[in-house]
Amino acid sequence: MTKYDMEHDLKQEVQELKISIDKLSNDISQQFNSLSENLCISFEQISKQITNSSSQPSLSHKILETDLENNHQDSLQKPKKEIPREYYIDYSYIDPAKYPLFLKDLEKHNKSMAECRHKENIENFCLSANKTLESAIEVIFDVEYKCLNENNKTFLEAYQRVKTFYSNKGWEITEIFLNLNNSNIESKHFKPVDDKYISWEYIEEIRRRNFNTSVEIFFEILKPNFMNSSHLREKFYLIKNIHNLRNLDAHGSPNLPSQIDALKDSAKKLYNSKDYTKIKEVVYWFVKEVYDRLNKISN
C-alpha cells in the first residue's frame, strides 16, 4: 500500500469517526431533551397534586368545620332566653339624686332576684328579697333618727308600742332611751328629746341584730297597732316568712329537707308555693312605703 493510499484510508477513518461522534452527540442531545421534558411533566403533575391536596381540607377537618358551622347556626337560631321584664321591680319612682346609694343597692338586689326567679331558685330569691328589705330598713332608720325632734316623735312612739308589746309577752328589746340628767351632750350619736337622750348606737343594734323587730317598728310607724289591720298583718307575716327562708341551703343540698321540715307551717307553705310574684309584690310595697316616708319626713 502506497503512502497515498495510507493517507487516504486514514482520512476516511477520521471522517467516519467524526460522523459517528456527531451522530452520538445528536442521540445524546435528543435523549437529554426527552428526559428533561419528561421530568418537567412529572414535576408539573406532582406540583398540581400537592397544590390540590393542600387546598382541600382533610375529612376530619371537613367534619369539624361542618359541626362548628352547625353549632353557629344553632346559636343564631336559638338565642339565649332573656329574663322577662316583669321579673324586675320598677324603682323608676326613686329620685337618683336624693338617694343614689340606696337606689344602687336596690338595683343590685333587683337583678339578683330576677335572675334567681328565672332559674327557679326560690332559696336565693328569698335571700335577695330579704337583703332588699334590709337596705330599706337601714335607710329609713337613719333618716328617722336624723329627723327626730320635739315635733316629730313618730319613730319613738312606734318603738315604745313595740316595746310594750314585747314586755307583755316577756320578750326583751334593746333600750334606746338613756337617762342622762343634767347632761349637755353634743354628739351625732345622741339626740336629746324631752328629758332623755336617744342613742343611735342602740337603734343600729336593733336594726343589725333583729330584723323582725325592725320591720315591726316600721309597720307601727305606718299605722299604730297595725296588727289590728288584716291587710298589714298579712304583709308583716309574709315578710317574716321571707326572712325565715333566706338561709335555706341551695336546692339539692342534703340538708335542705330537714331545714324545710323545721320551718313553721306558714313559711313552709310559702316555700312550697314558689310564689315569686307574691314575694316580689310585698318587697315592692315595702320599699315604696319606705320611700314615701322618707320624702314625708325629710322635706
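The values are calculated or read from the model by the stated rules, or taken from the named source; none is laboratory data. Fair warning: this is a prediction, and the values are worked out from it, not measured in the lab. No Cβ is skipped: glycine too gets one built from the backbone with ideal geometry, and neighbour counts run over all protein chains shown. Side chains included, ligands, DNA and RNA excluded: accessible areas come from the protein's heavy atoms. Shrake-Rupley method; radii C 1.70, N 1.55, O 1.52, S 1.80 Å.
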To the nearest 10 Å², what's ASP95's accessible area with a 1.4 Å probe?
60 Å²
Give me the net charge of ASP292's neighbourhood, meaning all other residues with Cβ under 14 Å from the Cβ of ASP292; Lys, Arg count +1, Asp, Glu -1.
+2
Could you state the per residue volume, in Å³, of the convex hull enclosing the Cα atoms of the stretch 215-299?
107 Å³
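Please arrange THR164, THR154 by accessible surface area, largest first, computed with a 1.4 Å probe and ligands excluded. Intermediate results must be reported in sequence, preceding the final value.
Values: THR164 65, THR154 40 Å².
From most exposed to least exposed: THR164, THR154.
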What percentage of the solvent-accessible surface of the stretch 193-256, computed with a 1.4 Å probe over protein heavy atoms, is contributed by carbon and sulfur atoms?
38 percent
If you roll a 1.4 Å probe over the heavy atoms of the protein chains, what accessible area per residue do you get for the stretch 130-277, in Å²?
56 Å²
Calculated FRET efficiency for the pair LEU232/LYS274, C-beta based, R₀ 22 Å, to 0.05:
0.35
